[in-house]
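What follows is a short report on a single structure.
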Amino acid sequence: MATKKRNTDDGLTVVATNRDARRSFELLDTFEAGIVLQGSEVKSLRESKVQLKDAYCRFDDDELFVVSLHISPYSKSTDAAFGHIADRPRKLLMHRGQLDRLKPRVDQERLTLVPTRLYFKEGRAKLEFALGRSKKQHDKRADIARRDADRDAARAIAQNRRRIEPR
(Lines give C-alpha, C1' and ligand atoms only; values in the text may rest on other atoms or scores of the structure.)
Protein backbone atom coordinates (compact mmCIF):
# COMPACT_ATOMS: atom_id res chain seq x y z
CA MET A 1 0.00 0.00 0.00
CA ALA A 2 1.46 3.34 -1.00
CA THR A 3 1.83 5.98 1.64
CA LYS A 4 3.03 9.54 1.56
CA LYS A 5 6.77 9.97 1.78
CA ARG A 6 7.98 10.72 5.25
CA ASN A 7 11.39 11.26 6.72
CA THR A 8 12.24 9.29 9.83
CA ASP A 9 14.72 10.03 12.59
CA ASP A 10 17.33 7.67 11.18
CA GLY A 11 17.61 9.45 7.80
CA LEU A 12 15.24 7.19 5.87
CA THR A 13 12.67 8.51 3.42
CA VAL A 14 9.90 5.91 3.55
CA VAL A 15 8.15 5.55 0.20
CA ALA A 16 5.75 2.66 0.88
CA THR A 17 4.82 0.25 3.64
CA ASN A 18 3.01 -3.08 3.58
CA ARG A 19 0.58 -2.86 6.49
CA ASP A 20 -1.12 -6.09 5.39
CA ALA A 21 2.08 -8.04 6.11
CA ARG A 22 1.68 -7.88 9.90
CA ARG A 23 -1.97 -8.86 9.61
CA SER A 24 -1.39 -11.91 7.42
CA PHE A 25 2.02 -13.12 8.61
CA GLU A 26 3.87 -13.75 11.83
CA LEU A 27 7.08 -11.83 11.06
CA LEU A 28 10.27 -13.38 12.45
CA ASP A 29 13.45 -11.64 11.20
CA THR A 30 13.84 -8.55 9.04
CA PHE A 31 16.47 -7.91 6.39
CA GLU A 32 17.49 -4.99 4.21
CA ALA A 33 18.46 -5.29 0.56
CA GLY A 34 19.26 -2.94 -2.25
CA ILE A 35 17.07 -3.15 -5.31
CA VAL A 36 18.07 -2.97 -8.98
CA LEU A 37 15.96 -0.29 -10.69
CA GLN A 38 15.79 1.54 -14.00
CA GLY A 39 15.84 5.35 -14.15
CA SER A 40 12.11 5.83 -14.63
CA GLU A 41 11.41 3.47 -11.72
CA VAL A 42 13.46 5.62 -9.38
CA LYS A 43 11.53 8.70 -10.46
CA SER A 44 8.23 6.91 -9.84
CA LEU A 45 9.43 5.81 -6.39
CA ARG A 46 10.28 9.40 -5.52
CA GLU A 47 6.62 10.20 -6.33
CA SER A 48 5.48 7.25 -4.13
CA LYS A 49 3.84 5.50 -7.08
CA VAL A 50 4.42 1.98 -5.76
CA GLN A 51 2.33 -0.83 -4.28
CA LEU A 52 3.78 -3.51 -1.98
CA LYS A 53 0.59 -5.33 -1.03
CA ASP A 54 0.85 -8.37 -3.33
CA ALA A 55 4.66 -8.48 -3.54
CA TYR A 56 6.80 -11.36 -2.33
CA CYS A 57 10.45 -12.41 -2.65
CA ARG A 58 11.74 -15.65 -4.12
CA PHE A 59 15.02 -17.31 -4.99
CA ASP A 60 15.94 -18.02 -8.63
CA ASP A 61 19.32 -19.69 -9.19
CA ASP A 62 20.79 -18.49 -5.88
CA GLU A 63 19.69 -14.90 -6.54
CA LEU A 64 16.88 -13.13 -4.73
CA PHE A 65 14.12 -11.36 -6.65
CA VAL A 66 11.07 -9.38 -5.58
CA VAL A 67 8.00 -10.33 -7.63
CA SER A 68 4.71 -8.45 -8.13
CA LEU A 69 6.13 -5.17 -6.85
CA HIS A 70 4.07 -2.69 -8.85
CA ILE A 71 5.86 0.55 -9.71
CA SER A 72 3.62 2.77 -11.83
CA PRO A 73 5.05 4.44 -14.94
CA TYR A 74 6.61 7.85 -14.38
CA SER A 75 3.89 10.49 -14.71
CA LYS A 76 5.97 13.11 -16.54
CA SER A 77 7.36 10.68 -19.13
CA THR A 78 6.63 11.75 -22.70
CA ASP A 79 8.08 8.73 -24.47
CA ALA A 80 6.88 5.19 -23.73
CA ALA A 81 10.10 3.74 -25.13
CA PHE A 82 12.09 4.96 -22.12
CA GLY A 83 9.54 3.77 -19.56
CA HIS A 84 9.58 0.54 -17.62
CA ILE A 85 7.46 -2.57 -17.16
CA ALA A 86 5.41 -2.01 -14.02
CA ASP A 87 5.36 -5.58 -12.63
CA ARG A 88 8.71 -7.01 -13.72
CA PRO A 89 10.76 -9.08 -11.24
CA ARG A 90 13.48 -6.93 -9.68
CA LYS A 91 16.75 -8.29 -8.37
CA LEU A 92 17.61 -7.70 -4.73
CA LEU A 93 21.19 -6.98 -3.74
CA MET A 94 22.58 -8.77 -0.70
CA HIS A 95 25.90 -10.29 0.25
CA ARG A 96 26.42 -13.89 -0.84
CA GLY A 97 26.82 -15.05 2.78
CA GLN A 98 23.47 -13.54 3.73
CA LEU A 99 21.76 -15.24 0.80
CA ASP A 100 23.41 -18.56 1.62
CA ARG A 101 22.10 -18.41 5.20
CA LEU A 102 18.64 -17.24 4.15
CA LYS A 103 17.83 -19.76 1.40
CA PRO A 104 17.98 -22.97 3.51
CA ARG A 105 15.92 -21.34 6.21
CA VAL A 106 13.19 -20.45 3.71
CA ASP A 107 13.25 -23.95 2.20
CA GLN A 108 13.45 -26.03 5.38
CA GLU A 109 11.11 -24.06 7.64
CA ARG A 110 8.65 -23.27 4.82
CA LEU A 111 8.79 -19.53 5.43
CA THR A 112 7.85 -16.70 3.09
CA LEU A 113 9.88 -13.58 2.35
CA VAL A 114 7.44 -10.68 2.71
CA PRO A 115 8.36 -7.10 1.73
CA THR A 116 7.44 -4.75 4.57
CA ARG A 117 8.81 -1.34 3.52
CA LEU A 118 10.44 0.46 0.62
CA TYR A 119 12.56 3.51 1.37
CA PHE A 120 15.51 5.65 0.34
CA LYS A 121 18.61 5.50 2.51
CA GLU A 122 21.39 7.91 1.61
CA GLY A 123 19.88 8.31 -1.87
CA ARG A 124 19.64 4.58 -2.59
CA ALA A 125 16.44 2.58 -2.81
CA LYS A 126 16.23 -0.17 -0.20
CA LEU A 127 13.65 -2.87 0.42
CA GLU A 128 13.04 -4.19 3.92
CA PHE A 129 11.62 -7.68 3.95
CA ALA A 130 10.90 -10.19 6.67
CA LEU A 131 10.81 -13.93 7.10
CA GLY A 132 7.17 -14.68 7.71
CA ARG A 133 5.01 -17.61 8.66
CA SER A 134 1.45 -17.40 7.39
CA LYS A 135 -1.17 -16.85 10.08
CA LYS A 136 -4.16 -19.12 10.25
CA GLN A 137 -7.66 -17.64 10.39
CA HIS A 138 -8.01 -18.31 14.14
CA ASP A 139 -4.70 -16.51 14.78
CA LYS A 140 -6.01 -13.44 12.97
CA ARG A 141 -9.20 -13.57 15.04
CA ALA A 142 -7.19 -13.84 18.26
CA ASP A 143 -5.15 -10.76 17.27
CA ILE A 144 -8.33 -8.79 16.59
CA ALA A 145 -9.86 -9.89 19.92
CA ARG A 146 -6.66 -8.94 21.80
CA ARG A 147 -6.55 -5.53 20.12
CA ASP A 148 -10.24 -4.88 20.93
CA ALA A 149 -9.72 -5.89 24.57
CA ASP A 150 -6.72 -3.57 24.88
CA ARG A 151 -8.71 -0.73 23.34
CA ASP A 152 -11.65 -1.31 25.73
CA ALA A 153 -9.31 -1.42 28.73
CA ALA A 154 -7.63 1.84 27.69
CA ARG A 155 -11.02 3.47 27.19
CA ALA A 156 -12.19 2.33 30.66
CA ILE A 157 -9.02 3.64 32.30
CA ALA A 158 -9.41 7.00 30.55
CA GLN A 159 -13.07 7.29 31.66
CA ASN A 160 -12.16 6.39 35.23
CA ARG A 161 -9.37 8.97 35.23
CA ARG A 162 -11.77 11.66 34.03
CA ARG A 163 -14.22 10.89 36.86
CA ILE A 164 -11.58 11.05 39.59
CA GLU A 165 -9.82 14.26 38.54
CA PRO A 166 -11.20 17.39 40.29
CA ARG A 167 -12.58 20.03 37.99
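The values are calculated or read from the model by the stated rules, or taken from the named source; none is laboratory data. Keep in mind that what you see is a predicted model, and the values were worked out from it rather than measured. Positions of Cβ are backbone-derived with ideal geometry, glycine not excepted, and every protein chain shown enters the neighbour counts.
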Problem set entry | Yes/no for residue 91 being modelled with pLDDT of 95 or more and in the same structural domain as residue 47 (by TED's automatic domain parsing) | yes
Seminar exercise, completed: Of (1) touching a Phe, Trp or Tyr at 6+ places or on another chain (Cβ under 8 Å); (2) at pLDDT 90 or above; (3) buried (at least 16 other Cβ atoms within 10 Å of the Cβ), residue 135 fails just (2)
Exercise. Before we move on, is residue 29 in contact with a Leu (Cβ under 8 Å, 6 or more places away or on another chain), loosely packed, with under 14 Cβ neighbours inside 10 Å and not in a helix (DSSP H, G or I)?
Worked result: yes
Exercise. Does residue 37 qualify as being in a loop (DSSP other than H, G, I, E, B), within 16 Å of residue 94 (Cβ to Cβ) and in contact (Cβ under 8 Å) with a residue 24 or more places away in the chain?
Worked result: yes
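If we keep just the residues of region 105-126 that are in contact with a Phe, Trp or Tyr (Cβ under 8 Å, 6 or more places away or on another chain) and not charged (D, E, K, R), which is nearest to residue 17 (Cα to Cα)?
Applying the first criterion (in contact with a Phe, Trp or Tyr (Cβ under 8 Å, 6 or more places away or on another chain)) to region 105-126 yields 106, 112-116, 125-126.
Adding the requirement that they be not charged (D, E, K, R) leaves 106, 112-116, 125.
Details: 106: 22, 112: 17, 113: 15, 114: 11, 115: 8, 116: 6, 125: 13 Å.
Here the residue is 116.
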Problem set entry | Pairs where the first residue, in region 62-80, is modelled with pLDDT of 80 or more and the second is of a type in the set (Asp, Glu) and loosely packed, with under 10 Cβ neighbours inside 10 Å, C-beta under 9 Å, 6+ apart | none
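I need the full set of residues from region 111-136 which are in contact (Cβ under 8 Å) with a residue 12 or more places away in the chain and more than 16 Å from residue 31 (Cβ to Cβ), in order please.
Of all residues in region 111-136, those in contact (Cβ under 8 Å) with a residue 12 or more places away in the chain come to 111-122, 124-135.
Once the filter is applied, which keeps residues that are in contact (Cβ under 8 Å) with a residue 12 or more places away in the chain and more than 16 Å from residue 31 (Cβ to Cβ), region 111-136 yields 120, 122, 134, 135.
Take region 31-59 and flag every residue that is among the hydroxyl-bearing types (Ser, Thr, Tyr) and within 10 Å of residue 114 (Cβ to Cβ).
Keep residues of region 31-59 that are among the hydroxyl-bearing types (Ser, Thr, Tyr), which gives 40, 44, 48, 56.
The one that is among the hydroxyl-bearing types (Ser, Thr, Tyr) and within 10 Å of residue 114 (Cβ to Cβ): 56.
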Problem set entry | Every residue from region 42-75 that is part of a helix (DSSP H, G or I) and either surrounded by 19 or more Cβ atoms within 10 Å (Cβ to Cβ) or under 12 Å from the mean Cα position of the chain (by Cα) (or both) | 44, 45
